[in-house]
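Data block below; observations after.
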């Protein structure tokens, strides 16, 4: 009998909410506004409905009722809408899109296992107790979701003192989009939603207040009574103020609770008020204000993360590798921030699912397009204009994002009173498309594509015609995510990336030639997440990549040209990895995340191995022969384990200590003998002579929040040991070089540093950090030409010991805010001339040891104002103006120093990129 | 040839700086730089019979002149040996300059090395380098061109001299070029009288020196390199050698350029190429990594001592052309300011003081014609004693050249 009651109760909770009454209702409607229907019911049955008018404004109803039970009436009325209801005697509470309390199918199997036992228990008694004593009355006279008390799970299965798992989806109520990265927590227990907005939280049964936070959304909370395993979805509202706020809320609590060190999530919103050069809001540029992320100088492409080389960062866009993340040689990033959701930056504690680069991962994701309504966003600044549209294709299921950005900087060139640049042309553009299809709760497919192109035509030399130069990134990704049940999901993705450049030099007709380079990468990844319920969460999978590289071809242009053709033999390689990691919550305080990645790489034929004398430096003179490899031969294979470990210990509610160790292996190297990344860098594969780079990092940190998380602070100390860093013999020329081993040098490196960081939330918000960081390399070959600086450790080009960043924003009113940035860092190392001599009648400079000197220190201040019109909730267009002054002090920061010989006299020059203050005004809109 | 992608990127980068920024270049004090004193071997021998020279100097601090005698390595024993044991001594003629006998010429196909023993007994030796013949330069020609200014950004019209070498594959395929040129200047109004400023004004006196015909010689001051290794049929075509500004020809009557081609070893080429790349540096991020460049000379006593410079062994061939200024690329003629044709001569019957007087007035009052008068000088007297003035470039050839015809001038 008890079994029967329990089952009935369970069914009850499944089918409707609240108590059933016997009220019946009659009425007939034809395209009647639902509000009118509600008024009719209220009038006839003296019911009271609680709802927000805007939820039902657009809804109508057609149909007839004749003495129909009220529960059936309500079900019929709201069928096919997002409105859910809770019916309690004479009161009906409506909610928008929130499945208030239900027992989802996905946990029903769990329930099924437990229900026989639980049904044995006197659940009713406890339930009554709870209801009457604890929340009777709270759920009355209230249409406020935050104070309403929801029931989760089945009362029949309530077991006092036990724990249950609550699962659900967090969505944006205006777009219906799942929110990834939202923090759902109650007390000490917290969960972060996955890509589909899904969370899973294990709590003791009973009453809880669930808090939900996400950048750009209003923080919200729900009162629940957790009876048993159950599902509870929460919709979040867009925070009207948040559009321009610098918000780091998503990481609130995450600061101290996240297990890994050195991981930051940057949302596009974060970048909006940071004053930027020429008004281009740029998420990657904002990243450089974080502790430990540096660039060589203003306008330099490539990042140096914690003393890593600029080719040691893995940039992923929707999972596809980005080989050149810069437009215009580094002044802009290749991503239009309007089309981006956000970016995870990992500088240590890199999870086992990522690999292939030593220093960091920048995981960039495109916006999941709005599935409810069309939105358009754009902006105009002095250099570019951009437009992004989100278009629902199948309402609530499928949608499309299309975004484009173009430059029109040619007019600037025309206005420059400088003959050298009059006839030059500069163009760049980028496009993003993404199609997202939520087939059902379990399956989701997304397809994305990316294209960026830079084209230049330069009047570049003494010989009066032009050189054309262009480079392009192309990427495509297809991803299928599937959730098998509450604790198991998987995703399968395939990606393609391509980076090419080409230039043509046609100024001398008879020597006109073109030259190109290209890399293509095909990748596939299968990733699984299995929640073994507390305390273990497993992530495992495998990844495979194939690389095809055209290291360079040179070809004559025009029939007059006598330039010879050179075609370096293509390179091929495959890279694979298996990984498994476990998020292990040992107890409330101690949590571990450990994993192992095993990667391997094979350099594939066809190809030629050059042989050299054993006891001589490798150069064309010491070549003794060659071995020819056939197609598909495994010329050289490297493999090795990469251990990843992170631990977090909560000292108290507001502070924690963390430790992480990770090892990475890198099989792909950018050959560049300039100080920063350049579009003409050649990515080449490890081969029989170029060994993979290996890096180990240990990082320890202390984290503390103050004033309920308004202030977040941290101190992190790290040490890195790197081996096989790739560098070059002095003056080496690697273009069109088939024998990289004759010019490349490999040596160990070491980096260490400490980073202090403070973030503040509220009307005055922003962050401040100070880093002390050093990085060295040693190139000590067996021969003179392979040894730099006598084979001792010397600072790298990007060794900048002291860095201070301050990014701040103050909201004077909700419409008006001001921001201020301050940046200081030590000048980078540089090689200076130390002597002068004459050879064959020509004067020549002799240089110091590599990187023996430094350029002057860098100091910059920026200010910005943002003024917005219209609020998102008014549904009208929303726009904002921003005015900023970059380098407000007008300080001529040295970018580099160089030396010229003018009539036998050595003259030193300082080159500054921004020699004065740069004011910018830009207009941005969204509707 | 000289152009490569790197400099395209550099220009592009500088362009970027200019577009998006207010990039600027300022002078920088070089005081903080410490000096490193190293031996520099500046030596080359060729297959031409002549006095060859080895210069042995130490490096200078960057703010001093390179010809500082106190930096010379004096008192050393210097000789060249070939692979069959022939030794040629180089005798010190002046501090740091060591010279071979006049008859010395390298033999093609032989390999040579340089030996140095200093007065203190330190020994240095170069690698053995083979002497490879240099094919003939097929022709030398010029084309109108506008050269972009360096930092000061003014474009300069002029002519670019090129060479073609048909059988470039018959030499070592790696070449270094040297040039020297000469402008012959014959002025139309050679000075017979001159006006000498005195307390009262000007004294007119006869001028007896013959300043009608002068020559202005210049030589290369940068590395010019080319290789035919990458060319389809072993030719060298359109190798840019020298750029001359249009201004250089404003009073030139005849011009001659001699270009010497040196067939050097691949090692020498790669050594010079590094130097060339470093000298091209302009501070952009795409500059090559700079550093010390050592050549083919080593210290036999101290393997850690770094020796700069190079012992170059080359076959050489030269070609000289002569041309009248009217034979330059016709396009340049529009840019040529032929000073003497433009200014002509003025016969003036007032006083010299009056001729120049208007110069003190502001230009708005004196007019442009009067302002030009400052450029004129007296060169002759008319039949009735009136003064004849002409542009000073057209009265005294020494203003744009030197007296004395070079021996080779035809």
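Taking the residues in segment A:827-840 that are more than 7 Å from chain B (Cβ to nearest Cβ) and surrounded by fewer than 23 Cβ atoms within 10 Å (Cβ to Cβ) as candidates, determine which candidate is farthest from the chain's Cα centre (by Cα).
Narrowing segment A:827-840 to residues more than 7 Å from chain B (Cβ to nearest Cβ): A:827-830.
Next cut, surrounded by fewer than 23 Cβ atoms within 10 Å (Cβ to Cβ) only: A:827, A:829-830.
Details: A:827: 29, A:829: 31, A:830: 33 Å.
Here the answer is A:830.
Being in contact with a strand residue (DSSP E or B) (Cβ under 8 Å, 6 or more places away or on another chain) and more than 17 Å from residue B:128 (Cβ to Cβ) is the filter; apply it to segment B:300-311 and report the residue that is surrounded by the fewest Cβ atoms within 10 Å (Cβ to Cβ). Ranking the qualifying residues of segment B:300-311, first place goes to B:301. Check off (1) more than 7 Å from chain A (Cβ to nearest Cβ); (2) modelled with pLDDT of 85 or more; (3) not in a loop (DSSP other than H, G, I, E, B) for residue B:6 and give me the number that stays unchecked. Looking at each condition in turn, residue B:6 falls short on (2).
Return the only residue of B:369, B:353 being surrounded by fewer than 16 Cβ atoms within 10 Å (Cβ to Cβ), at pLDDT 80 or above and part of a helix (DSSP H, G or I). Show your work before the answer.
Numbers: B:369 fails: at pLDDT 80 or above.
Exactly one of B:369, B:353 is surrounded by fewer than 16 Cβ atoms within 10 Å (Cβ to Cβ), at pLDDT 80 or above and part of a helix (DSSP H, G or I), namely B:353.
Within segment B:194-208, how many residues turn out to be touching a residue at least 12 places away in the same chain (Cβ under 8 Å) and either closer than 23 Å to residue B:322 by Cβ or within 35 Å of the chain's Cα centre (by Cα) (or both)? Selection size over segment B:194-208: 2. In segment B:64-78, the qualifying residues are those that are buried (at least 18 other Cβ atoms within 10 Å of the Cβ) and outside any loop (DSSP other than H, G, I, E, B), and the one that is farthest from the other protein chains (Cβ to nearest Cβ) is B:78.
Can you pull out every residue in segment A:192-209 that is free of Cβ contacts under 8 Å to residues at least 40 places away in the same chain, crowded, with 19+ Cβ neighbours inside 10 Å and closer than 23 Å to residue A:705 by Cβ? Give the derivation first.
Of segment A:192-209, the ones free of Cβ contacts under 8 Å to residues at least 40 places away in the same chain are A:193, A:197, A:199, A:201, A:208-209.
Now drop any that are not crowded, with 19+ Cβ neighbours inside 10 Å, which leaves A:193, A:197, A:199, A:201, A:208.
Residues satisfying the conditions are A:193, A:199, A:201, A:208.
Hey, does segment A:558-565 have a residue that's over 25 Å from residue A:582 (Cβ atoms), touching a residue at least 24 places away in the same chain (Cβ under 8 Å) and touching a strand residue (DSSP E or B) at 6+ places or on another chain (Cβ under 6 Å)? Yes, segment A:558-565 contains a residue that is over 25 Å from residue A:582 (Cβ atoms), touching a residue at least 24 places away in the same chain (Cβ under 8 Å) and touching a strand residue (DSSP E or B) at 6+ places or on another chain (Cβ under 6 Å). The condition of being touching a residue at least 60 places away in the same chain (Cβ under 8 Å) and either touching a helix residue (DSSP H, G or I) at 6+ places or on another chain (Cβ under 7 Å) or part of a loop (DSSP other than H, G, I, E, B) (or both) holds for only one of A:749, A:827, A:762, A:766, that being A:827. Among the residues of segment A:281-315 satisfying the criterion of being within 14 Å of chain B (Cβ to nearest Cβ) and part of a helix (DSSP H, G or I), which is surrounded by the most Cβ atoms within 10 Å (Cβ to Cβ)? Per the criteria, the residue is A:310. Of all the residues in segment A:615-650, those that are without any contact (Cβ under 8 Å) to a residue 12 or more places away in the chain and touching a strand residue (DSSP E or B) at 6+ places or on another chain (Cβ under 9 Å) number 1. For segment A:724-731, state whether one or more residues are assigned to a loop (DSSP other than H, G, I, E, B) and under 17 Å from residue A:311 (Cα atoms). Within segment A:724-731 (the criterion being assigned to a loop (DSSP other than H, G, I, E, B) and under 17 Å from residue A:311 (Cα atoms)), the answer is no, since none of the residues qualifies.
Considering only residues that are part of a loop (DSSP other than H, G, I, E, B) and farther than 15 Å from residue A:683 by Cβ, look in segment A:319-335 and name the one that is farthest from the chain's Cα centre (by Cα). Filtering segment A:319-335 for residues that are part of a loop (DSSP other than H, G, I, E, B) and farther than 15 Å from residue A:683 by Cβ, the one farthest from the chain's Cα centre (by Cα) comes out as A:331.
Can you pull out every residue in segment A:391-409 that is away from chain B (no Cβ under 14 Å) and over 15 Å from residue A:447 (Cβ atoms)?
Across segment A:391-409, the qualifying residues are A:392, A:395, A:396, A:404, A:405, A:406.
A Cβ distance below 8 Å, combined with a sequence gap of six or more or placement on separate chains, defines the contacts here; from segment B:160-182, residues that are at positive phi and more than 10 Å from every other protein chain (Cβ to nearest Cβ) reach residues that are assigned to a loop (DSSP other than H, G, I, E, B) and crowded, with 19+ Cβ neighbours inside 10 Å in the pairs B:173/B:228. The set of residues from segment B:49-63 being under 18 Å from residue B:124 (Cα atoms) and in a loop (DSSP other than H, G, I, E, B) comprises just one member, B:59. Looking only at residues in segment B:22-46 that are at pLDDT 90 or above and within 7 Å of another protein chain (Cβ to nearest Cβ), the one that is nearest to residue B:129 (Cα to Cα) is B:44. Within segment A:653-663, identify whether any single residue is touching a helix residue (DSSP H, G or I) at 6+ places or on another chain (Cβ under 7 Å), free of Cβ contacts under 8 Å to residues at least 24 places away in the same chain and surrounded by fewer than 18 Cβ atoms within 10 Å (Cβ to Cβ), and answer yes or no. Checked segment A:653-663: no residue is touching a helix residue (DSSP H, G or I) at 6+ places or on another chain (Cβ under 7 Å), free of Cβ contacts under 8 Å to residues at least 24 places away in the same chain and surrounded by fewer than 18 Cβ atoms within 10 Å (Cβ to Cβ). In segment A:521-566, the qualifying residues are those that are within 12 Å of another protein chain (Cβ to nearest Cβ) and under 38 Å from the mean Cα position of the chain (by Cα), and the one that is farthest from residue A:584 (Cα to Cα) is A:554.
Where in segment A:1-110 are there strands (runs of 3 or more DSSP E), lying wholly inside it, with at least 2 residues that are surrounded by fewer than 19 Cβ atoms within 10 Å (Cβ to Cβ) and at pLDDT below 85? Quick ask: steps written out before the conclusion?
Details: elements: A:24-33, A:48-50, A:60-69, A:83-88, A:91-96.
By residue number, A:24-33, A:48-50, A:60-69, A:91-96.
Out of B:276, B:238, which single residue is in a helix (DSSP H, G or I), modelled with pLDDT under 90 and within 11 Å of chain A (Cβ to nearest Cβ)?
Values: B:238 fails: in a helix (DSSP H, G or I).
The conditions single out B:276.
Residue A:859 falls short on exactly one of the conditions (1) modelled with pLDDT of 80 or more; (2) facing chain B (nearest Cβ under 7 Å), and that condition is (2). Entry remark, segment A:486-532: residues being modelled with pLDDT under 85, farther than 21 Å from residue A:671 by Cβ and assigned to a strand (DSSP E or B) number 2 in total.
The values are calculated or read from the model by the stated rules, or taken from the named source; none is laboratory data. Note that the structure is a prediction, hence the values are computed from the model and not measured. Every residue, glycine as well, gets a Cβ built from its backbone with ideal geometry; the counts of neighbours run over all protein chains shown.
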